[in-house]
Amino acid sequence: MTRLLPFPLVTLGLLILWLLLNESVSPGAILLGSVLALVGGGALWLLAPPAGRPRRVLAIARLLWDVLIEIIRSNNAVATLILRGPRSQAGRSGFVLIPLAMRSPYGLAALACILTATPGTVWVDYDAEDGTMLLHVLDLIDEEQWMRIVKDNWERRLMEIFE
Amino acid sequence: MTHAVELPLWAAIVVACLLLLGAFLTLVGSIGLLRLRDFYARVHAPTLATTLGIGCVLLASMLFFTVLQTRPVLHEVLITAFMVLTTPVTLMLLTRASLYRDRREGSPDVPPIPARPLPKDGAER
Amino acid sequence: MSAAILFWAVLVAQLLLAAAMCCAVVRLLQGPRAQDRVLALDTLYVNAAILLLVFGIRTGSPLYFEAALLISLLGFVATAALAKFLLRGEVIE
């Protein structure tokens, strides 16, 4: 079972992708998609990614929902900032150095994706030795506040899921 | 637009609103590319287009084809998932490249490379 | 009625997206540095993908979806490769 299906989630994802691309759920499409998905999962196994898989499906769903809300909120904020013109944000963007407690590679990757996909923040760099990340914030009013947002909103919940 | 005649009015209004919102957000993002002052501020601008901009247009497209063909047309989800996964990667790579170049030139606007204690003898591999 | 609403909405959306592409092209030509140009190129790719989706609604043909998917794929690979190239720090401006 583990030999044939090393990454069940990846394999399932590939199958869904194939069915969506074909826009059909006919037996033929499912059969071909399953073969391709199994080959894809096997290819990933050859690459030997680091171990660890997400737990708590409910927590993931709630996290995704909150990410969506946050994206909508910050879209609005960044659009307002751009339309108001360059003078209103003179000298307000900048870098923040945030120490992280999370060490799981998947958790860090998820955090990087969430922060970068949200308008207004870009994950720049991560230092694996002392576990600090460098974040660039467009609307940097208060460094402490951003540190709190990152740690309380995302890091704590990602640690619950991945660690 | 003769194919859109049989579209119900509610669907047409929702599709129109989503299209206009998505296109407007994309335009604002591209204006930000022009108006923001330095590179690190400009990196934030295209995320408007790649999150809600393309999201709204894809929702409009899904709704339009689903109602018109009276069957669920969901393959637009693929572009959404793809965008959500790839935008962070490209933006991160680009920002890191820019940071690397600025640091090499000794630009005062970027944080310096963190100071490291020198590795002890014998700790080298 | 619904055809008229959609016609105008699609037209306005296309004009807005064309203006967005013009902004990206201006930044692409202006620079000032290589990373600005790469960022502008990435934005241009995304805007083109969105514009193709709107074309798909205009013509009612699902073919444009595949073009948009391809463009977003190409844009990702191109930007990642260019950023990797910049990381080597050997671009002469």
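For a quick check: sort A:SER104, C:SER72 by the number of other beta carbons within 10 angstrom, fewest at the front.
A:SER104, C:SER72
Going by amide H atoms built from the backbone, whose H comes under 5 Å of the H on A:GLY94, apart from near neighbours?
Residues meeting the criterion, in which the H sits 1.01 Å from N, are A:VAL137, A:LEU140.
Please list the helices of chain B that count as membrane-span-like by this rule: a mean Kyte-Doolittle hydropathy of at least 1.6 together with Cα atoms stretching 15 Å or more along the helix axis, each helix being a complete DSSP H run.
Numbers: long enough: B:9-35 (38 Å, 2.23); B:54-69 (22 Å, 2.16); B:76-105 (43 Å, 0.48).
Length and hydropathy pass: B:9-35, B:54-69.
Can you grab the distance from the C-alpha centre of segment C:53-72 to the C-alpha centre of segment A:47-79, Å, no decimals?
If you average the Cα positions of each part, the centres end up 28 Å apart.
For chain C, just list the percent of Cα-Cα distances falling in each 10 Å bin from zero outward, please.
16, 37, 28, 13, 4, 1
May I have the convex hull volume per residue, in Å³, for the Cα set of segment A:1-142?
165 Å³
Averaged across the residues of B:68-74, what count of C-beta atoms belonging to other chains lies within 10 Å of each residue's C-beta?
Numbers: counts 2, 2, 0, 1, 1, 3, 3.
Mean partner shielding for this stretch: 2.
Tell me what chain A gives for mean residue ellipticity at 222 nm when only DSSP H runs of n ≥ 4 count, each as -39,500 (n - 2.57), the sum divided by the residue total, rounded to 500 deg cm²/dmol.
That calculation yields -18000 deg cm²/dmol at 222 nm.
Considering the dipole of segment C:13-84 built from charges on the beta carbon (Lys and Arg +1, Asp and Glu -1) around the Cα centre, which of C:ALA19, C:SER61, C:GLY31 is farthest to its positive end?
Toward the positive end, the furthest listed residue is C:GLY31.
Taking H as built 1.01 Å from N, whose amide H comes closer than 5 Å to the amide H of A:THR132, not counting residues under 5 places away?
HN-HN under 5 Å from A:THR132: A:LEU100, A:ASP127.
Could you sort C:12-24, B:98-110 so that the peptide with the highest average Cβ count within 10 Å comes first and the rest follow in order?
Per-residue mean Cβ counts within 10 Å order the peptides as C:12-24, B:98-110.
If amide hydrogens are placed 1.01 Å from N in the peptide plane, which non-local residues have theirs closer than 5 Å to the one on B:VAL73?
B:THR66
Taking the Cβ-Cβ separation of A:VAL35 and C:LYS84 as r and a Förster radius of 41 Å, what is the calculated FRET efficiency to the nearest 0.05?
On the way: r = 33 Å, r/R0 = 0.80.
Working from the Cβ atoms, E equals 0.80.
Which whole-percent values make up P(r) of segment B:9-105 when all C-alpha to C-alpha distances are grouped in 5 Å steps starting at zero?
2, 13, 17, 18, 16, 11, 9, 6, 4, 2, 1, 0
From the alpha carbon gyration tensor of segment A:8-47, can you work out the equivalent ellipsoid semi-axes (sqrt of 5 times each eigenvalue) and give them in Å, largest to smallest?
Values: eigenvalues 74, 16, 9 Å².
Equivalent ellipsoid semi-axes, largest first: 19, 9, 7 Å.
Mind checking Rg over Rh on the protein assembly as shown, alpha carbons, Kirkwood formula for Rh?
Rg/Rh for the protein assembly as shown comes to 0.99.
Identify the trypsin sites (Lys or Arg not before Pro) of chain C meeting these criteria: DSSP loop state and at most 10 other C-beta atoms within 10 Å of the C-beta. Walk me through the numbers before you get to the answer.
Working: sites: C:ARG27, C:ARG33, C:ARG37, C:ARG58, C:LYS84, C:ARG88; in loops: C:ARG33, C:ARG88.
Qualifying residues, ordered by number: C:ARG88.
At R0 = 41 Å, how high is the FRET efficiency between A:LEU46 and B:VAL5 if r is their beta carbon distance? Nearest 0.05 is fine.
Plugging the Cβ-Cβ distance into 1/(1 + (r/R0)^6) gives 0.15.
Provide the per-residue ³J(HN,Hα) series for segment A:18-30, in order, calculated from phi with Karplus coefficients 6.51, -1.76, 1.60 and θ = phi - 60°, each as a whole number of Hz, with x at glycine and proline positions.
Couplings: 5, 5, 5, 5, 7, 6, 8, 10, 6, x, x, 4, 5 Hz.
So how strong a dipole does chain A carry about its Cα centre when Lys and Arg Cβ are +1 and Asp and Glu Cβ are -1, to the nearest 20 debye?
Roughly 420 debye for chain A.
Measure off 7 Å from each Cα along the Cα-to-Cβ vector at B:ARG37 and A:LEU5, then give the distance between these two points in nanometres to one decimal.
5.7 nm
Please find the FRET efficiency linking A:ILE141 to C:ALA19, where r is the Cβ-Cβ separation and R0 is fixed at 41 Å, and quote it to the nearest 0.05.
Working: r = 31 Å, r/R0 = 0.75.
Step by step, r from the Cβ atoms, then E = 0.85.
Could you please rank A:TRP146, B:TRP10, placing first whichever residue has the fewest other Cβ atoms within 10 Å of its Cβ?
Arranged by neighbour count, lowest to highest, A:TRP146, B:TRP10 become B:TRP10, A:TRP146.
Would you list B:ILE113, A:ILE16, A:ILE82 from fewest to most Cβ contacts within 10 Å?
Going from sparsest to densest Cβ surroundings: B:ILE113, A:ILE16, A:ILE82.
Quick check: net charge around C:LEU69, other residues with Cβ under 14 Å of its Cβ, Lys/Arg +1 and Asp/Glu -1?
-3
Given +1 on the Cβ of Lys and Arg, -1 on the Cβ of Asp and Glu, and no further charges, what dipole in debye does segment B:9-105 carry about its Cα centre, rounded to the nearest 20? Don't skip to the end; give the middle numbers.
Values: 8 positive and 4 negative charges, 59 e Å.
Dipole of segment B:9-105, to the nearest 20 debye: 280 debye.
Spelling out what I want: for every residue of segment C:66-75, take phi, set θ = phi - 60°, compute 6.51 cos²θ - 1.76 cosθ + 1.60 (Karplus), and round to whole Hz; glycine and proline get x.
Here the 3J(HN,Hα) series is 5, 4, 5, 4, 5, 5, 5, 4, 4, x Hz.
Read-outs: derived from the displayed coordinates by stated rules, not from any lab. Every value quoted in this text rests on a predicted model; they were computed, and no experiment measured them. In this analysis, Cβ positions are derived from the backbone assuming ideal geometry, glycine residues included, and neighbour counts consider all displayed protein chains.
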